[in-house]
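So the structure is just underneath, and the comments pick up after that.
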Amino acid sequence: MYILAIETTGAFASAALMKDDKILDCIHGNDRFSHLQNLMPQIETVIKRNKLSLGDMTAIAVSCGPGSFTGIRIGVSTARALSQVLGIPCIAVSSLEGLAMNLLLMERADPGLLLCPILDARRSQIYGGGYVLKDGYPEEKIKAGAYTIEEFLSKAEGYHRILLLGDGVDACKEKIETIRPEGTETAPERIRYQDAASVAKLGARLLREGKTCGYEDLKPQYMRMAEAERKLQEKQRKQQKG
């Protein structure tokens, strides 16, 4: 069983290859938000240097969001196209759960932490969720959604220790230090951001559970309306009132 995994919801695209429960390879981009140029070459490289072809793949796991709207669209569109051409299923993975899985990339995974992936959603918001690792996989404790950083940290008040991951840490650093100066840890940079290897690990579990979909049913998980759509709706409402 081979899984090709795609991660494009953050600043750097990555692609990973998994056989059964073992990560065979993972390649990361170095150029910020250059997914359109980098993703297919990454996929080709990770396949070819393991002496395989796309036809050997069993399924395609893709991080569907939340995150960069453009990045999500590129990843989902690529997965849908490959799924259709190859005739294999897609596996939709949450980027927040994928970030929580990054803890397992550390030499020592601490089960006592509440894992809090937070992504910069702009407009003074973050996309966030709270998870604990149970049997090696994330279990949701704080519902994934769009929050202000104040709202999110208030939901974590009952937890003595939290570990923050994601680019929301960079965007909200000063507020985090002011609101919660104690009991808050920041993940080291090597595991702080989205990674296709974690998408592959979650994808393998979902595949075993039969949680796959056809390319036509694979959808982005934006968690909120795109800025252009929001402005269009506001304009339409004003026109209706006028």
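The values are calculated or read from the model by the stated rules, or taken from the named source; none is laboratory data. Computed from a prediction, not measured in an experiment: that's the story for all the values here. Neighbour counts are summed over all protein chains in view; Cβ atoms, including those assigned to glycine, are modelled from backbone coordinates with ideal geometry. When the accessible area is computed, the model is the full protein with side chains, heavy atoms only, and any ligands, DNA or RNA have been set aside. Shrake-Rupley method; radii C 1.70, N 1.55, O 1.52, S 1.80 Å.
Look at segment 29-40 and say how many of its residues are polar (S, T, N, Q) and either closer than 23 Å to residue 205 by Cα or in a helix (DSSP H, G or I) (or both).
2
The test for being of a type in the set (A, V, I, L, M, F, W, C), in a strand (DSSP E or B), over 17 Å from the mean Cα position of the chain (by Cα) and surrounded by fewer than 22 Cβ atoms within 10 Å (Cβ to Cβ) holds for residue 23.
Only residues that are over 16 Å from residue 69 (Cα atoms) and surrounded by fewer than 23 Cβ atoms within 10 Å (Cβ to Cβ) were counted in segment 119-135, giving 5. In segment 136-149, the qualifying residues are those that are open to solvent by 10 Å² or more (accessible area, probe 1.4 Å) and among the aliphatic types (A, V, I, L, M), and the one that is farthest from residue 176 (Cα to Cα) is 144. Enumerate the pairs (first residue in segment 38-50 and more than 11 Å from residue 27 (Cα to Cα); second residue anywhere and buried (at least 20 other Cβ atoms within 10 Å of the Cβ) and at pLDDT 95 or above) with beta-carbon separation below 8 Å, excluding pairs fewer than 6 apart on the same chain, so at least 6 apart or on different chains. Listed pairs, sorted by first residue: 40/78; 50/17. The C-beta contact set for segment 121-140 (first residue touching a residue at least 12 places away in the same chain (Cβ under 8 Å) and farther than 18 Å from residue 9 by Cβ, second residue open to solvent by 40 Å² or more (accessible area, probe 1.4 Å) and in a strand (DSSP E or B), distance under 9 angstrom, 6+ apart or interchain) comprises 130/140; 130/141; 130/143; 132/139; 132/140; 132/141; 133/139.
One line per residue, one yes/no per condition, for (1) in a strand (DSSP E or B); (2) crowded, with 17+ Cβ neighbours inside 10 Å; (3) out of contact with any Pro (no Cβ under 6 Å at 6 or more places or on another chain):
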{"residue": "10", "(1), (2), (3)": "no, yes, yes"}
{"residue": "27", "(1), (2), (3)": "yes, yes, yes"}
{"residue": "42", "(1), (2), (3)": "no, yes, yes"}
{"residue": "45", "(1), (2), (3)": "no, no, yes"}
{"residue": "50", "(1), (2), (3)": "no, no, yes"}
{"residue": "61", "(1), (2), (3)": "yes, yes, yes"}
{"residue": "67", "(1), (2), (3)": "no, yes, yes"}
{"residue": "80", "(1), (2), (3)": "no, yes, yes"}
